[in-house]
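Okay, structure first, notes after.
Please treat every number below as a calculation from the coordinates, not as lab data. Not measured: the values here are computed from a predicted model. Heads up, the Cβs are rebuilt from the backbone with ideal geometry, glycines too, and the neighbour counts pull from every protein chain shown.
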Amino acid sequence: MPTRTQKPPPPWTPHEIIEVLDAFYGRHPARPSGAPMVELVLTLLSQHTSDHNSGRAFHRLLERFPEWDAVAAAPTAEVEDAIRPGGLAPTKAPRLQELIRAVRERMPGYDLSLLETMPLAEAKAWLRALPGVGPKTAACVLLFALGRPALPVDTHVDRVSRRLGLVPAKASTDQAHDILEAQVAPEDIYAYHVDLIQHGRRTCAARVPLCAACPLLPRCPRAGLPPLDTSVAGR
């Protein structure tokens with residue numbers, strides 16, 4: 001810990017964070033799916049549940065309704081039953097049908113390939129004009145389906161970024177998307193997102209972060225956290 005005459009160490013830059021966390025956890029390379037409509041539906045189903053459960057819900061949905069038009073036309077109760085493994089089915093089923101119908105109105109064939117060449121800001125706006133699509137969902141579609149440099153800020157990315165001092169405490173989650181995208185180089189967007197999710201799940205947890213085991217601790221301001229017990233950190 002710095003003394004009164006010592007300056008605190010400089011905060012980590014996003015690129016440095018990626019280098020440290022890549023070495024600590026490892027990271028799978030980016031492989032865009034090329035299927036923005038699939039990513040759009042998957043992201044809706046993934047809200048407030050695990051990847052495993054949302055994946056089960058998605059596969060059950062396609063088994064029951066192999067076409068998007070069939071999902072839109074089905075009784076909501078049947079859609080709800082299909083996606084039940086993903087949790088919150090009574091809420092997600094009508095939202096999913098509304099979303100699919102809205103896409104069909106704008107793109108009858110559900111071909112969202114126009115998002116690949118549209119200017120990034122316009123592509124985000126196009127997606128966010130759909131019902132229930134916020135900055136995180138729009139960024140997930142652009143990043144994971146099309147490999148575009150849009151940064152999804154989920155609960156882990158938001159929490160870790162704030163603790164590292166990269167996002168002001170009073171900034172909203174929506175504002176955090178713009179703040180972080182301005183700091184992270186476009187070529188580092190995927191790495192930053194994936195690395196911070198790993199770090200948030202495995203080390204920088206919401207309730208009891210494992211600071212003593214954190215590779216970023218030497219230069220982490222721990223914004224929003226109580227003073228570190230150095231007797232524990234040194235064990």
**Message:** Run the numbers for residue 67 and residue 81: contour at 0.36 nm per residue of separation, minus the present Cα-Cα distance, in nm.
**Reply:** 3.4 nm
**Message:** With just the Cα atoms defining each centre, how far is region 103-165 from region 20-42? Give it in Å.
**Reply:** 14
**Asked** In units of 2.2 N^0.38 Å, what is the alpha-carbon radius of gyration of region 9-52?
**Response** 1.67
**Fill in**
For residue 135, the net charge from surrounding residues (Cβ-Cβ under 14 Å; K, R +1; D, E -1) works out to -1
**Fill in**
Which of 172, 54, 161 fluctuates most in a GNM of the chain (C-alpha springs under 10 Å)? That residue is 172
**Prompt:** If each residue's Cβ is checked for other Cβ atoms within 10 Å, how do 99, 151, 88 rank with the fewest at the top?
**Reply:** 88, 99, 151
**Percent of C-alpha pairs per 10 Å bin, region 36-146, short to long** = 15, 50, 31, 4
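Sort 156, 52 so the one with the fewest other Cβ atoms within 10 Å of its own Cβ comes first. Intermediate values should be presented prior to the final figure.
Numbers: 156 19, 52 10.
Sorted ascending by nearby Cβ count, the order is 52, 156.
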**Request:** Enumerate the amide H contacts of residue 148 below 5 Å, restricted to partners 5 or more residues apart or on another chain; note that Pro and chain-start residues carry no placed amide H.
**Result:** 143
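What is the sum of charges around residue 84, taking Lys and Arg as +1, Asp and Glu as -1, for the other residues whose C-beta is under 15 Å from the C-beta of residue 84? Intermediate results must be reported in sequence, preceding the final value.
Numbers: positive: 56, 60, 64, 92, 95; negative: 63, 78, 80, 81.
Overall, the nearby charge balance is +1.
What order do you get for 158, 195 when you list them from fewest to most C-beta neighbours inside 10 Å?
Numbers: 158 20, 195 24.
Fewest-to-most ranking of 158, 195: 158, 195.
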**Asked** Tally Lys and Arg at +1 and Asp and Glu at -1 over the other residues with C-beta under 11 Å from the C-beta of residue 148: what net charge comes out?
**Response** 0
